[in-house]
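Take a look at the structure below.
The values are calculated or read from the model by the stated rules, or taken from the named source; none is laboratory data. Predicted, not measured: the structure shown is a model, and the values here were computed from it. Because the Cβ atoms are built from the backbone with ideal geometry, glycine has one as well, and the counts that use them run over all protein chains shown. Only protein heavy atoms, including side chains, enter the accessible area calculation; ligands, DNA and RNA are left aside. Shrake-Rupley method; radii C 1.70, N 1.55, O 1.52, S 1.80 Å.
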Amino acid sequence: MKKMLVPLADGFEEVEATTIIDLCRRGGIEVTVAGVSGMNILGGQGITIVADCLIDSVEIDSFDMITLPGGLAGTMVLSESEVVQSILKRMKEQDKYIGAICAAPLALHTADVLNEDFTCYPSIENQIRAEGYHKGQPTILDGKVMTSQGVGKAIDFALNIVLELQGESTFQKLKAVSYTHLTLPTNREV
């Protein structure tokens, strides 16, 4: 079974974290949520998630991927955490998958593991670099580094993770029940 690590720090974006965790688990990926700022992690919108473990107790060699949810406050903690930065570098050295959404590609940039092509929450690229930034694509895969834009693209991002780690068949099954039934009323008044 493929295994993915999701580090969370206070200020993380709840929609991104829970979408990634939920869809990847539904796709057969064993997801471990690791607390960077404790076992009870407070999201940016006031929702607390209880971690499976603390980040410094993780045996990183057993994971196939690390994925960072965004949220600017949480991203800053991930960018400043020596443990998270060390894990990102080790995953890159081992040619394993690395993912980040919203502001979190900034933490990949800090660790110097962000490949040439990437996307992120609009304006975060100003803290990373203009070269290689793709504002019009919801999710970018460059080698084994996957990035995405933000909350509105969390399902797309998580499904792309499932596609990479679990293959086309699992992706199609999960997509059919998770994504294709999303519709907006056509007679909606704004």
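Points worth noting:
- Complete set of residues in the stretch 164-179 that are open to solvent by less than 80 Å² (accessible area, probe 1.4 Å) and either of a type outside the set (A, V, I, L, M, F, W, C) or at pLDDT 95 or above (or both): 164, 165, 166, 167, 169, 170, 175, 178
- Positions within the stretch 112-128 being touching a residue at least 24 places away in the same chain (Cβ under 8 Å) and within 20 Å of residue 82 (Cβ to Cβ), in sequence order: 113, 114
Each row is one residue, and each column tells you yes or no for (1) in contact (Cβ under 8 Å) with a residue 60 or more places away in the chain; (2) at positive phi; (3) out of contact with any His (no Cβ under 6 Å at 6 or more places or on another chain).
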site: 72; (1), (2), (3): yes, no, yes
site: 78; (1), (2), (3): yes, no, yes
site: 85; (1), (2), (3): no, no, yes
site: 92; (1), (2), (3): no, no, yes
site: 97; (1), (2), (3): yes, no, yes
site: 102; (1), (2), (3): yes, yes, yes
site: 105; (1), (2), (3): no, no, yes
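- Qualifying residue in the stretch 135-157 (condition: among the hydrophobic types (A, V, I, L, M, F, W, C), farther than 20 Å from residue 9 by Cβ and part of a helix (DSSP H, G or I)): yes
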